[in-house]
Structures are given as C-alpha cells and as structure tokens.
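Trainee: Provided herewith is a single structure, encoded as structure tokens, for subsequent inquiry.
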Amino acid sequence: MRSRRVEERAADILALWEARKDISLEELRAGLAEIGLIVSVAGLHRFFMRRGMTRKKRLAMQSSRTAPTS
C-alpha cells in the first residue's frame with residue numbers, strides 16, 4: 001500500500017508544511033524529494049484530504065453581481 005509509506009513519513013510532511021504554510025503541493029513535493037521521500041502531488045493531496053486539511057493558496061473570490069461564475 002503506497003499510502004502507508006507516506007503515512008510513515010507524516011511527521012516529515014507536516015514539519016515541512018508547518019515551516020511554510022503557504023507552500024504549494026509542488027513545492028512541498030520537491031522539498032520532500034530532497035529528504036528522500038518521493039511522492040506525487042496527487043499523493044500529497046490525498047494525504048491532506050485524509051486529515052481534513054485544505055491546501056488552497058488563494059482566497060475565495062466574491063460573487064459576481066452581474067453574472068454568475070462557475
């Protein structure tokens with residue numbers, strides 16, 4: 001099970017994230033590769049989803065008054 005390998009290194013992932021909370025998943029993936037953990041962006045996304053953590057960097061945009069946005 002591939003997620004087990006990621007879960008075993010959860011402390012490393014969360015430590016890197018705590019050090020820079022505005023880090024993108026791609027930047028996080030690259031940082032983890034430097035310490036020997038090769039994981040995909042999708043794998044990191046699933047890791048954070050299992051913990052109920054979102055990784056959005058942008059703030060929500062206001063609704064358009066003239067036309068709905070999708």
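The values are calculated or read from the model by the stated rules, or taken from the named source; none is laboratory data. Every value quoted in this text rests on a predicted model; they were computed, and no experiment measured them. Note: ideal-geometry Cβ built from the backbone for every residue, glycine included; neighbour counts use all protein chains shown.
Trainee: Only one of these is part of a helix (DSSP H, G or I), modelled with pLDDT of 90 or more and surrounded by fewer than 10 Cβ atoms within 10 Å (Cβ to Cβ): ALA30, ALA42, ALA11. Name it.
Mentor: On inspection, the qualifying residue turns out to be ALA11.
Trainee: In addition: State which residue pairs qualify: first residue over 15 Å from ALA15 (Cα atoms) and inside the stretch 31-49, second residue modelled with pLDDT under 90 and surrounded by 13 or more Cβ atoms within 10 Å (Cβ to Cβ) in any location, beta carbons under 6 Å apart, and separation of 6 or more residues or different chains.
Mentor: Short answer, once both residue conditions are applied: VAL39/VAL6; GLY43/VAL6.
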